[in-house]
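Accompanying notes for the structure given below.
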Amino acid sequence: MTDQLIPTRRAFPADDPIFALNAQAQARKAAGESILNATVGALLDDAGQLVVLESVMDLWRELTALEVAPYAPIAGDPAFLRALVKRHWPQLKAAGAACATPGGSGALALSLRNFLEPGQTVLTTAPFWGPYATLATENGMKLMTAPWPGAGQALDQTAWSAALRTLLKDQGRVLLWLNDPCHNPTGRSLSPADRATLADLLREAADLGPVTLLLDFAYLDYTRAPGAVAAALEDYAALGAEGRVLVGASLSLSKSMTLYGARCGALAFPWCGDPALQAALTQSCRGTWSNCAKAPQALLLRLEQDGKAQARLAAEHRHWSEVLAARAKALDAALLAAGMGVLDWTGGFFVCVPVAEPETVCERLKAEGVFTVPLPEGLRVGLCGIRAVEAPRFARSLQRALAGR
């Protein structure tokens, strides 16, 4: 072992658990096995190839040297930040306090550094995207959860109220990461009633201390019900405009534009123009990654000025949303046929199958060539990576795994 490595940095796995599972699946497939790989976190077509949105790639190929090579401003191009916020809230003319980040992960990391003290705790849902815990740990913080509603169930108001009050009592402030709409990993969004309940709880909490709600908007463009997503955004806008709760968003081009490798996004607080907040975000950028890539920012500005490209992109989003919806429908049908419950997908790349002893079930599935990601609440299944025709195989394998065979 390298002696120079400090003791607290010596006990990590060699790779991210999700990437490690994907690597195992790929290796067994390359060796000739029939593999169903539901671990993937990027959108694949039915041939197993990465989906790349052609409307975006055409714009990428048009970028000039001066749209790619120079440094972007430390906090990001102001026009880019305004354009990215307007994609979600067209009525807004300003981005508020905002900065460009390397994807949504960068936005989440910056929120920890600016709204919590070292050793404090961020609140999110259970289940949650696994790297939330990694982000918290890497910033010297902890993570607390409150339950995401199950299919057909309402928000657990008592549990959420208790979590908020515990954090306010223990640390005097709350930072909530909320991946809604299109929740990862359940694929279910909050209902309007649940959203109203949560907003009321946050307002009550804000009477006791500072409350920051950070919305993780990774998957909004892939949904069964675009109207419901738009309504959710308006609900959050109304909460942000009140000013009692600081409402911000983690925005990313990774999934929305299939620019995973460009690593570009933003952390934005559209209803807060406080210069102190803007200065804090800019300082964090300078002290962490300094500048984000200029090319994806320039691409978004080209998109904003090109109505035909916008229409093409919207059509591509609808097509792939329909593909995901068909995969979710096939999986629900297969699970029902095997005597299990439906998952009620409404948006995003994933669903979560509730099971007891998920680690054990995951290992049994791997023995049959079926790869999923175990979570404390069940198995994360990537609709983005499996085909509708594979749903019956998944359900049969899961049925055997649950029976211990």
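The values are calculated or read from the model by the stated rules, or taken from the named source; none is laboratory data. All values reported here derive from a predicted model rather than from experimental measurement. Neighbour counts are summed over all protein chains in view; Cβ atoms, including those assigned to glycine, are modelled from backbone coordinates with ideal geometry. Only protein heavy atoms, including side chains, enter the accessible area calculation; ligands, DNA and RNA are left aside. Shrake-Rupley method; radii C 1.70, N 1.55, O 1.52, S 1.80 Å.
Contact order, relative form, for the chain: 26 percent (alpha carbon pairs under 8 Å, 6 or more residues apart, mean separation divided by residue count). Basic side chains Lys and Arg get +1 at the Cβ, acidic Asp and Glu get -1 at the Cβ, and with that the dipole of the chain about its Cα centre reaches some 340 debye.
Note on residue 207 and residue 314: the model spin-label points, each 7 Å out from Cα along the C-beta direction, lie 4.2 nm apart. Among DSSP beta bridges lying fully in the chain, give the percent that are antiparallel, nearest 5. Antiparallel: roughly 50 percent of the beta bridges in the chain.
Using a probe radius of 1.4 Å on heavy atoms only, what accessible surface per residue do you get for the chain? Whole Å² is fine. Before the final figure, lay out each step's value.
Details: 17380 Å² over 405 residues.
Roughly 43 Å² per residue, with all protein chains present.
Calculate, for residue 11 and residue 196, the FRET efficiency according to 1/(1 + (r/R0)^6) with r their C-beta to C-beta distance and R0 41 Å; round to the nearest 0.05.
Working: r = 44 Å, r/R0 = 1.06.
That gives a FRET efficiency of 0.40.
Assign one of three labels to the chain, namely rounded, prolate or oblate, based on the Cα gyration tensor with a ≥ b ≥ c the square roots of its eigenvalues; rounded applies when a/c is under 1.5, prolate when it is not and a/b is larger than b/c, and oblate otherwise.
Details: a/c = 1.42, a/b = 1.23, b/c = 1.16.
It is rounded, given that a/c, with a ≥ b ≥ c, falls under 1.5.
Could you state the number of Å between the C-alpha centres of the stretch 158-177 and the stretch 363-405? The distance from the Cα centre of the stretch 363-405 to that of the stretch 158-177 comes to 35 Å. Accessible surface of the chain, 1.4 Å probe: 56 percent of it comes from carbon and sulfur atoms.
Note on the stretch 292-316 and the stretch 48-90: Cα centroid distance 6 Å, given to the nearest whole angstrom.
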